[in-house]
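Structure record follows, encoded as structure tokens.
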Amino acid sequence: KQEVTQIPAALSVPEGENLVLNCSFTDSAIYNLQWFRQDPGKGLTSLLLIQSSQREQTSGRLNASLDKSSGRSTLYIAASQPGDSATYLCAETDSWGKLQFGAGTQVVVTP
Amino acid sequence: DGGITQSPKYLFRKEGQNVTLSCEQNLNHDAMYWYRQDPGQGLRLIYYSQIVNDFQKGDIAEGYSVSREKKESFPLTVTSAQKNPTAFYLCASSIANEQFFGPGTRLTVL
């Protein structure tokens, strides 16, 4: 069974600091990798999708990289703001379109 | 507005009752999914459907049932056979293998 791991489980940073969130996966045949944000009691918001043929994707202050050979993806959030406080989940997609999720990293950005 | 709606937002069930969670999408997506989320855990796949009138079991299908009679709708029934149904339930649809999620239903067993 494929596994997705996110470390650390929780992270607290002062406002303005860059955030680095890690995701590792065991599926060498990954189809794509998706990063989501989840606010308490809410659904998931898609942040970035990286196809298996890509190395990275960028959207505003967010940048996600993908290294299939090492089974890792990293989400960078530049110049963090209190509004970035949330849980961030990564999920890898297999060729059937099924997602395997990590447990998430809970981020707190302090003013 | 295009999107995915789930209802109700909160649902309370007595032990031994079946309940049905609604999921509707107007994105014209073929594939739809149901996930369960427990505190401190990632999402786990219950059922998914790639096309109307067809669906497949996910990793934790026991105690759940679904139907897919219309492209827009993918209701989930939590049966009395589900031993620990208290959880947050999320519905999703996808296109080109990118998934989009509804706001979720929180089910509590009394």
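Restricting segment A:24-35 to residues that are buried (at least 19 other Cβ atoms within 10 Å of the Cβ) and at the interface with another protein chain (Cβ under 10 Å from one of its Cβ atoms), the residue that is farthest from B:S93 (Cα to Cα) is A:N32.
Residues that are within 14 Å of another protein chain (Cβ to nearest Cβ) and closer than 21 Å to A:T5 by Cβ: does segment A:60-69 have at least one? Checked segment A:60-69: at least one residue is within 14 Å of another protein chain (Cβ to nearest Cβ) and closer than 21 Å to A:T5 by Cβ.
When A:S65, A:S73 are screened for being outside any loop (DSSP other than H, G, I, E, B), modelled with pLDDT of 95 or more, surrounded by 20 or more Cβ atoms within 10 Å (Cβ to Cβ) and among the polar types (S, T, N, Q), only A:S73 passes. Of the residues screened, A:L21 is not one that is under 21 Å from B:I95 (Cβ atoms), out of contact with any Lys or Arg (no Cβ under 6 Å at 6 or more places or on another chain) and crowded, with 20+ Cβ neighbours inside 10 Å. B:L27 satisfies every condition listed in (1) more than 10 Å from chain A (Cβ to nearest Cβ); (2) under 30 Å from A:I30 (Cβ atoms); (3) within 14 Å of the chain's Cα centre (by Cα) except (3). Scanning segment A:36-59 for residues that are within 11 Å of chain B (Cβ to nearest Cβ), in a strand (DSSP E or B) and more than 13 Å from B:F101 (Cβ to Cβ) turns up A:L48, A:L49, A:I50, A:Q51.
A quick yes/no check of all residues on (1) buried (at least 18 other Cβ atoms within 10 Å of the Cβ); (2) touching a Gly at 6+ places or on another chain (Cβ under 6 Å):
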residue	(1), (2)
B:R13	no, no
B:E24	yes, no
B:W34	yes, no
B:D38	no, no
B:V78	yes, no
B:A81	no, yes
B:N84	no, no
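Would you be able to tell me the number of residues in segment A:82-105 that are more than 19 Å from B:Q99 (Cα to Cα), surrounded by 14 or more Cβ atoms within 10 Å (Cβ to Cβ) and not small (G, A, S)? So the count comes out to 2.
Counted as qualifying within chain B are the strands (runs of 3 or more DSSP E) with 2 or more residues that are small (G, A, S), namely B:87-95.
Could you tell me whether A:G97 is touching a Pro at 6+ places or on another chain (Cβ under 7 Å), at pLDDT below 95, within 23 Å of B:Q56 (Cβ to Cβ) and within 14 Å of chain B (Cβ to nearest Cβ)?
For A:G97, the condition - touching a Pro at 6+ places or on another chain (Cβ under 7 Å), at pLDDT below 95, within 23 Å of B:Q56 (Cβ to Cβ) and within 14 Å of chain B (Cβ to nearest Cβ) - is not met.
Select from segment A:38-58 the residues that are of a type outside the set (D, E) and either more than 22 Å from B:A92 (Cα to Cα) or touching a residue at least 60 places away in the same chain (Cβ under 8 Å) (or both) and list them in ascending order.
Within segment A:38-58, the first condition is being of a type outside the set (D, E), and the residues that meet it are A:38, A:40-55, A:57-58.
Answer for segment A:38-58, where residues must be of a type outside the set (D, E) and either more than 22 Å from B:A92 (Cα to Cα) or touching a residue at least 60 places away in the same chain (Cβ under 8 Å) (or both): A:Q38, A:S53, A:Q54, A:R55, A:Q57, A:T58.
Could you go through segment A:78-89 and let me know if any residue there is under 22 Å from B:L45 (Cβ atoms), assigned to a loop (DSSP other than H, G, I, E, B) and within 14 Å of chain B (Cβ to nearest Cβ). No: segment A:78-89 contains no residue that is under 22 Å from B:L45 (Cβ atoms), assigned to a loop (DSSP other than H, G, I, E, B) and within 14 Å of chain B (Cβ to nearest Cβ). Within segment B:37-48, the set of residues being within 11 Å of another protein chain (Cβ to nearest Cβ) and of a type outside the set (F, W, Y) comprises B:Q37, B:D38, B:P39, B:G40, B:Q41, B:G42, B:L43, B:R44, B:L45.
The values are calculated or read from the model by the stated rules, or taken from the named source; none is laboratory data. Because the structure is predicted, anything quoted here is derived from the model rather than measured. Cβ coordinates were reconstructed from backbone atoms using ideal geometry, including for glycine residues, and neighbour counts include every protein chain displayed.
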